[in-house]
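The values are calculated or read from the model by the stated rules, or taken from the named source; none is laboratory data. In this text, all values refer to a predicted model and were calculated from it rather than measured experimentally. Neighbour counts run over all protein chains shown; Cβ positions are idealised from the backbone, glycine included. Ligands, DNA and RNA are stripped out before the accessible areas are found, and what is left, the full protein with its side chains, is counted by its heavy atoms. Shrake-Rupley method; radii C 1.70, N 1.55, O 1.52, S 1.80 Å.
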Amino acid sequence: MEAVFGHLRQAIERGDYAIGDKLPSEAELCRMLEVSRPVLREALRALQAMGLTASRTGKGTFVIAHAVEEPTFGDYAAGDLEEVRRHVEIPVAGYAALRRTPEDLDRLAHLLERMERETDTTAWVAMDSLFHLTVAAAAQNPAFRRVIEEIRDALARQSSFLNELGPGRREQSNREHRVIVEALVDGNQDDAVAAMAHHLDCIDATLSSIVHPGRTTPTHIPIPTPTEGGSDA
């Protein structure tokens with residue numbers, strides 16, 4: 001899919017298709033690029049997430065921009081999603097290390113094992129968003145869980161995008177998830193915060209390498225470490 005996406009992206013960015021132009025039909029593109037329809041559809045979804053095209057029901061796919069501004073995953077722009085995740089999931093990991101129950105750890109361990117065995121991208125993506133929801137639940141604060149539930153669809157869309165276009169991203173993410181779980185098992189707040197921050201750094205770096213090849217990833221504002229017994233206001 002990556003090669004098909006790259007070919008279509010370059011054609012749009014070169015101006016082979018003017019803004020407002022309709023791309024060839026799926027059947028025609030499949031013949032031109034010698035790919036299956038599922039592969040083509042994944043590439044078209046990626047172009048739409050990048051903000052280069054828009055799909056109009058019953059009419060086809062149309063070019064709406066020649067340059068990538070910011071990807072959108074469901075209802076949220078990538079930058080908005082990143083900001084929320086950094087200000088919620090990093091401290092949440094710290095709280096989870098302090099408050100997790102044996103049942104939370106069992107669920108996470110089982111989920112992690114399934115993810116490491118899974119070969120189907122769609123199934124893995126569903127478990128990826130569930131992993132982050134389970135970490136939030138382990139923090140024992142329903143408000144945290146509610147926030148992750150709100151952005152869960154966007155997390156899944158972003159995960160699918162990164163795993164399709166970021167070589168080796170799924171295996172790397174499995175390793176990052178394992179470090180997070182190990183910190184929760186140890187009850188180590190600092191390690192859990194650092195592990196989640198590293199995970200989000202890697203996600204941002206992969207996204208940046210896809211959207212803006214060659215651009216360095218900006219430095220992020222550090223998130224304060226949560227303290228047990230402190231104010232949750």
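The table that follows gives values for the structure above.
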{"quantity": "From the options 69, 13, 26, 83, residue that is farther than 24 Å from residue 212 by Cβ and acidic (Asp, Glu)", "calculated": "26"}
{"quantity": "Residues located in the stretch 134-189, provided they are assigned to a helix (DSSP H, G or I), over 20 Å from residue 79 (Cα atoms) and hydrophobic (A, V, I, L, M, F, W, C)", "calculated": "135, 136, 137, 138, 143, 179, 180, 181, 183, 184, 185"}
{"quantity": "Criterion violated by residue 154 - all others in (1) out of contact with any Phe, Trp or Tyr (no Cβ under 6 Å at 6 or more places or on another chain); (2) modelled with pLDDT of 95 or more satisfied", "calculated": "(1)"}
{"quantity": "Pair list, Cβ under 6 Å, 6 or more apart: the stretch 79-106 residue without any contact (Cβ under 8 Å) to a residue 12 or more places away in the chain, other residue open to solvent by 20 Å² or more (accessible area, probe 1.4 Å)", "calculated": "79/70"}
{"quantity": "Flag if residue 88 is open to solvent by 20 Å² or more (accessible area, probe 1.4 Å) and under 20 Å from the mean Cα position of the chain (by Cα)", "calculated": "yes"}
{"quantity": "Cross-chain or 6+ apart pairs with Cβ under 7 Å, the stretch 6-29 first and modelled with pLDDT of 95 or more, then acidic (Asp, Glu) and open to solvent by 40 Å² or more (accessible area, probe 1.4 Å)", "calculated": "none"}
{"quantity": "Residue among 81, 47 that is within 21 Å of the chain's Cα centre (by Cα), buried (at least 21 other Cβ atoms within 10 Å of the Cβ) and closer than 28 Å to residue 27 by Cβ", "calculated": "47"}
{"quantity": "Leading residue by the ranking (farthest from residue 208 (Cα to Cα)) among those in the stretch 142-189 that are open to solvent by less than 60 Å² (accessible area, probe 1.4 Å) and acidic (Asp, Glu)", "calculated": "176"}
{"quantity": "Any hit, the stretch 15-35, residues being among the aromatic types (Phe, Trp, Tyr), over 17 Å from residue 158 (Cα atoms) and open to solvent by 10 Å² or more (accessible area, probe 1.4 Å)", "calculated": "yes"}
{"quantity": "Scope the stretch 91-122; condition crowded, with 19+ Cβ neighbours inside 10 Å and either modelled with pLDDT under 95 or of a type in the set (Ser, Thr, Tyr) (or both); matching residues", "calculated": "95"}
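For every residue, the table says whether it meets (1) farther than 21 Å from residue 108 by Cα; (2) in contact with a Cys (Cβ under 9 Å, 6 or more places away or on another chain); (3) free of Cβ contacts under 8 Å to residues at least 24 places away in the same chain.
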position: 168; (1), (2), (3): yes, no, yes
position: 176; (1), (2), (3): no, yes, no
position: 185; (1), (2), (3): no, no, no
position: 198; (1), (2), (3): no, no, yes
position: 201; (1), (2), (3): yes, no, yes
position: 209; (1), (2), (3): yes, no, no
